[in-house]
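A.B. asks: Once you've had a glance at the structure underneath, I'll fire off some questions.
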Amino acid sequence: KGLAHLGIVIKIKYPEGVDPIYEAIGIITLEDIIEEIIQSEISDETDIISPDVDKTNLEVSKNINKHHIRQFFENSSVIIPQLTHNMILTICQFMSSEIKIFDNEHVSLNILRRMIAHPGVAIKRDFVENYFLYKTGVPVDYYILIIEGILVVLNRR
């Protein structure tokens, strides 16, 4: 509904005699949209890989299962990332202009800035079995903004 910078691309299948089946087939980010608008690739730290590594990554990604993904989260300690002053300002600008509940009518920029700078806001969690950030059809009263890093979406269908 236009309230975030990340979207899940869904393919809808209409089998005969049953309800439609919704299949998550990808993720689109604000970066993807900007790249399409400016018709140019935005290079960041995740784009700097050699062709050999890229081929290896393709082979590995074909064989990924939840046990492989779990290894990235197990044995990791809680890390509280540090947001730079510029990151905080950029996040404030985005949230106050794009998300109605965070606009100037509801929250002052000073309060929003202090809230985002609070150490409890940016947290990397340890892996927890059966813990979901969002579930299909379940309303939430929180907001997640991924600033940098990798997001893994698992679809149990």
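A.B. asks: For the condition assigned to a helix (DSSP H, G or I) and at pLDDT below 75, what is the one hit in 93, 82, 71?
C.D. replies: 71
A.B. asks: Residue check, residue 108 against (1) at pLDDT 85 or above; (2) within 26 Å of residue 8 (Cα to Cα), all met but one. Which one?
C.D. replies: Result: residue 108 passes all but (2).
A.B. asks: Restricting the first residue to the stretch 85-101 and requiring it to be in contact (Cβ under 8 Å) with a residue 40 or more places away in the chain, which pairs with a second residue that is in a helix (DSSP H, G or I) and surrounded by 14 or more Cβ atoms within 10 Å (Cβ to Cβ) meet a Cβ separation below 6 Å and a spacing of at least six or different chains?
C.D. replies: 91/116; 95/102
A.B. asks: Same structure again: Only residues in the stretch 121-144 that are within 30 Å of residue 111 (Cβ to Cβ) and modelled with pLDDT under 70 count as the first member; pair them with residues that are of a type in the set (Asp, Glu) and surrounded by 10 or more Cβ atoms within 10 Å (Cβ to Cβ), Cβ under 7 angstrom, at least 6 apart or cross-chain, and list the lot.
C.D. replies: none
The values are calculated or read from the model by the stated rules, or taken from the named source; none is laboratory data. Since this is a predicted model, take the numbers as computed values, not measurements. Note: ideal-geometry Cβ built from the backbone for every residue, glycine included; neighbour counts use all protein chains shown.
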